[in-house]
Structures are given as C-alpha cells and as structure tokens.
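Trainee: Just passing along the structure, written as structure tokens.
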Amino acid sequence: MSAGLLAIYSFAGEINLYPLVYYGLRAMANRGEVAVAYLLGRRGLERLEVDLSREEPRDVRGVAAVGCVYTEDCCRVEGDVAYCAFGRGEVKPGAPSDAAAYVALTADGVLYAYRPPRLWHLAVGVHGFDFALIATETAAIEVLGGEVRRSLRGGELLKITRLGVVSTGGEQPGEVCAMEYVYSSRLDSEIDGVEVAEVRARLGEALAAKVKNSLDVIVGVPDTGLYYAAWVAEKLGVRHVPGFVSTVRKRSALLDDVRDRVSAIQLKANVVKHAARGMRVLVIDDSLISGLTLRHIAQLLRLRAGAKEVHAAVAAPPLRSQCPYGVKMPPDSHMVFNHLQQDTVTKALELDGLYYLTLEEFQRAIGVRVCTLCFKRR
C-alpha cells in the first residue's frame with residue numbers, strides 16, 4: 001500500500017480550505033488512517049491533524065495546502081518548506097527525485113508536485129478557474145468537484161504560483177506498482193488514463209479461466225474482492241451474492257501485528273449464512289500474503305454458515321517479497337508461499353481448492369506495464 005498525496009492551490013486568494021483538505025484526504029482513506037496536512041495562511045505554514053472519522057465544521061483559511069493519508073505521518077517540515085512524500089528516494093522540494101513522489105508548499109506561496117519516472121502516480125486537475133488540484137488518485141479530484149486534466153508524466157515537476165502553472169521535465173512514465181491496480185487504488189480511479197476497474201475486470205476474467213470446480217455461488221471478500229468476484233461470476237455463469245457484511249472498513253493487509261490483522265478481518269467480514277448454507281462456495285480475494293484472511297473466511301463459511309465446500313481464487317500471484325520501494329506489507333517471513341507448496345497451503349487454509357494467477361498469466365491479463373518484484377522470491 002502506498003500513500004495518498006494531495007495538493008490544493010487557490011487562485012482566488014485566501015479561503016476556507018479545510019473542507020477541500022478533509023474530503024480530498026478522506027477520498028483516499030483506502031490508503032490508511034493517518035491524515036496530515038499543511039496549510040499556508042496568514043500565520044505562515046500551519047499543521048492540520050485531520051480526523052477522517054469525524055466530519056466537523058472548521059474554518060481554516062489559506063491559499064494552498066498539501067497533505068497525505070497513509071498508515072503513518074508522511075509529511076515533514078524543513079526550514080520554510082512543508083512536504084508530503086512517498087517512496088525511498090531523497091526529497092528536495094523543487095527538484096526531481098529518483099524514486100519518490102511528493103507535494104510541497106513553501107512559506108512564500110509556491111506549490112510543487114513531482115512524479116518520479118516510475119512506480120508512483122500523480123494526477124492534476126482543476127476546479128473551474130479557482131483551484132488547481134493534485135492527487136495520487138483521480139477519484140479524489142473528482143470527489144472535490146474538480147475535472148481531471150491528466151496524469152503527470154514520469155519525472156515531471158509542476159510549479160504552481162498565483163501567476164499560473166509551470167511544468168518542467170517528464171517523459172512517458174515507466175512501470176507502475178502492480179499493487180496500485182490490484183489492491184491500493186480506488187475502483188473509480190484512473191492511472192495514466194487507464195481505469196482501475198477495467199484492469200480488475202480483465203484480471204477477474206483471467207482468473208475465471210483457472211477455476212475447474214462445480215460451484216453454486218461466488219462471494220467476494222470485502223472490499224476489493226467484490227469487484228473481482230462479479231467478473232469471475234459473469235464469466236463462469238455462477239450466481240454472485242454478497243456473502244459478508246462489514247462493520248468497519250479496515251484494510252487488514254496494512255497491519256503488521258497478526259492479532260490486529262485477525263481482528264480487522266473479523267470486523268470487515270461477518271458471514272451472511274443464507275448465502276452459503278449447503279452451497280459449494282468460491283471465495284474471491286485480491287491478493288494472498290499470509291493466508292490469514294482466507295483461512296478465517298473459510299472457517300466462517302464452513303463452520304458458521306454451513307457451506308458444503310469452500311474454494312478460493314486470488315486475482316494476483318501470491319506475494320513472496322517485501323517491496324524494496326516502500327510499499328507497506330508484512331515481512332517475507334509472514335508470506336505463506338515462502339514456506340509451503342500449493343497443496344499444503346490449500347490444506348493449511350482449510351480450503352477444498354485454491355486458484356491464483358501465475359506471474360505470466362497476471363502479466364498477460366493486466367495489460368499495462370507494472371513492477372512485479374513483490375511476486376518474486378528474492
């Protein structure tokens with residue numbers, strides 16, 4: 001999981017920027033729960049702690065803001081510059097970085113946005129003639145009522161002042177992190193003009209071709225697995241039903257502690273017994289790391305709902321290595337396919353069958369250039 005970066009510049013002068021900051025970051029809450037922003041107002045650069053769980057009327061006036069939502073605070077202040085960044089590269093606001101994306105705001109009112117040559121995405125949009133909007137996810141720009149103009153080019157630096165927008169550098173971007181398409185991004189976002197939903201539909205159709213068992217019903221693991229499940233069901237001609245109800249939205253793959261992950265899984269997936277009782281069920285999930293989610297889901301379906309059979313299918317190859325570029329994921333030692341062969345994994349997860357796309361199948365189906373290092377044992 002990578003961070004969600006946000007930048008807002010008001011060409012209309014000082015206004016209440018808090019609603020734009022709040023909803024812009026909340027639109028990327030799929031990327032974490034820690035939301036921080038810096039706003040430039042009359043008192044200079046001001047730090048804002050943003051509680052995504054609470055809508056509250058606040059009047060925080062300024063001309064520009066930068067922010068980030070992630071599993072930890074990814075914003076910093078150095079001298080008279082505040083910036084929010086993601087990636088392993090060194091950040092010098094106003095200059096290119098080899099491997100980090102960033103948004104930065106200076107005390108004298110200059111906003112910078114930089115997309116590195118590969119891996120991470122940034123898009124720019126406008127809200128009429130009043131605002132420039134920059135975000136990791138195009139959906140965040142749209143949620144703010146903006147119009148997405150384009151994705152930044154790889155290695156492109158934007159400089160925004162009250163006089164306008166200046167672009168320097170940039171070329172065709174290199175490969176994007178595969179997990180941006182598989183898991184991290186909102187379903188309604190685009191990356192370099194390609195809809196995330198379209199890519200996930202292709203992966204779902206490819207996954208359906210792997211399934212050989214007779215089935216009665218297909219269910220998706222909330223939240224990301226639901227869209228994959230719809231396309232697998234369409235391809236197989238099997239009924240797709242909501243199999244789980246979420247109490248909270250929580251992305252268990254972001255949590256390091258095993259107990260925290262088990263708790264998060266329970267909160268996001270309570271089984272609908274009627275959907276699975278006496279049925280041969282296929283469960284669809286986006287990715288397979290430790291197997292904790294699928295094992296817990298299998299137990300719920302079999303023991304609580306009374307499913308006759310429980311099979312699982314995963315839209316990506318099993319993860320085998322931590323990302324060397326900073327994506328949040330459990331350590332290699334927690335990745336079940338680093339320790340067991342597929343038959344043993346299937347038994348350990350209490351499944352009757354397990355399917356996933358191989359790396360070659362995944363690369364053919366996804367249809368875009370992606371980094372796949374996390375799917376390879378290093």
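The values are calculated or read from the model by the stated rules, or taken from the named source; none is laboratory data. Remember, predicted model here, so these are calculated numbers, not experimental data. Quick reminder, even Gly has a Cβ in these numbers, built from the backbone with ideal geometry, and neighbours come from all protein chains shown. With ligands, DNA and RNA removed, areas are computed over all heavy atoms of the protein, side chains included. Shrake-Rupley method; radii C 1.70, N 1.55, O 1.52, S 1.80 Å.
Trainee: Pulled fully out, how much extra length does the chain show between Arg304 and Ser321, if you take 0.36 nm times their separation in residues and subtract their Cα-Cα distance? Display every interim value, and only then the final one.
Mentor: Details: separation 17, 0.36 × 17 = 6.12 nm, distance 3.36 nm.
Length gained between Arg304 and Ser321: 2.8 nm.
Trainee: Moving on to the next point. May I ask for the Kirkwood hydrodynamic radius of the chain, worked out over all distinct Cα pairs and given in angstroms to one decimal?
Mentor: 21.4
Trainee: Also: Once each part is reduced to its C-alpha centroid, what is the distance from the stretch 312-378 to the stretch 54-109 in angstrom?
Mentor: 33
Trainee: Continuing with the same structure: Over all distinct Cα pairs, what is the inverse of the mean 1/r for the stretch 155-225, reported as the Kirkwood hydrodynamic radius in Å?
Mentor: 15.6
Trainee: How big is the stretch 59-203 along each principal axis, measuring the range of its Cα positions in Å and listing the largest first?
Mentor: Principal-axis extents of the stretch 59-203 (Cα, largest first): 47, 33, 30 Å.
Trainee: Using a Cα-Cα cut-off of under 16 Å, which lysines could be cross-linked to Lys376, ignoring same-chain neighbours fewer than 8 residues away?
Mentor: none
Trainee: Using the crude model of +1 on Lys and Arg Cβ and -1 on Asp and Glu Cβ, and no other charge, please compute the dipole size for the stretch 23-172 relative to its Cα centre, in debye to 20. Show your work: numbers first, answer last.
Mentor: Numbers: 18 positive and 20 negative charges, 68 e Å.
The dipole of the stretch 23-172 has a size of about 320 debye.
Trainee: Between Gln342 and Val194, what is 0.36 nm times their sequence separation minus the Cα-Cα distance? Round to one decimal in nm. Present the calculation step by step, with values, prior to reporting the outcome.
Mentor: Details: separation 148, 0.36 × 148 = 53.28 nm, distance 3.28 nm.
Extending this stretch completely gives an extra 50.0 nm.
Trainee: Turning to a different aspect of this structure: State, as an integer percentage, the relative contact order of the chain based on alpha-carbon contacts under 8 Å between residues 6 or more apart.
Mentor: RCO, the chain: 13 percent.
Trainee: Computed from the mean reciprocal separation of all distinct C-alpha pairs, what Kirkwood hydrodynamic radius does the stretch 33-80 have, in Å?
Mentor: Evaluated on the stretch 33-80, it is 11.6 Å.
Trainee: Local charge sum around Arg76 (other residues, Cβ-Cβ under 13 Å, Lys/Arg +1, Asp/Glu -1)?
Mentor: Local charge sum for Arg76: -3.
Trainee: Turning to a different aspect of this structure: Return the lysines within reach of Lys273: Cα separation strictly under 20 angstrom, same-chain partners fewer than 8 residues apart disregarded; answer none if there are no such residues.
Mentor: The qualifying lysines are Lys308.
Trainee: What is the sum of charges around Ala230, taking Lys and Arg as +1, Asp and Glu as -1, for the other residues whose C-beta is under 14 Å from the C-beta of Ala230?
Mentor: Residues close to Ala230 contribute a combined charge of -2.
Trainee: Per residue, what accessible area does the chain have, given a 1.4 Å probe and all protein chains present, in Å²?
Mentor: Values: 15860 Å² over 378 residues.
That works out to 42 Å² for each residue.
Trainee: P(r) for the stretch 1-124, please, calculated from all Cα pair distances in 10 Å bins and given in %.
Mentor: Percent of pairs per bin, in order: 15, 49, 32, 5.
Trainee: Next up: Lysines within cross-link reach of Lys159: Cα-Cα under 25 Å, excluding same-chain residues under 8 positions apart?
Mentor: Lys92
Trainee: Carbon and sulfur: what percent of the stretch 94-144's accessible surface (1.4 Å probe)?
Mentor: Percent of accessible area from carbon and sulfur atoms in the stretch 94-144: 60.
Trainee: Let me ask something else. Report the normalised scattering of the stretch 271-378 as log10 I(q)/I(0) at q = 0.11, 0.22 Å⁻¹, calculated by the Debye formula with identical scatterers on the alpha carbons.
Mentor: Taking Cα atoms of the stretch 271-378 as identical point scatterers yields -0.38, -1.14.
Trainee: Find the centroid of the Cα atoms in the stretch 179-232 and in the stretch 138-161, then give the distance between the two in whole Å.
Mentor: If you average the Cα positions of each part, the centres end up 26 Å apart.
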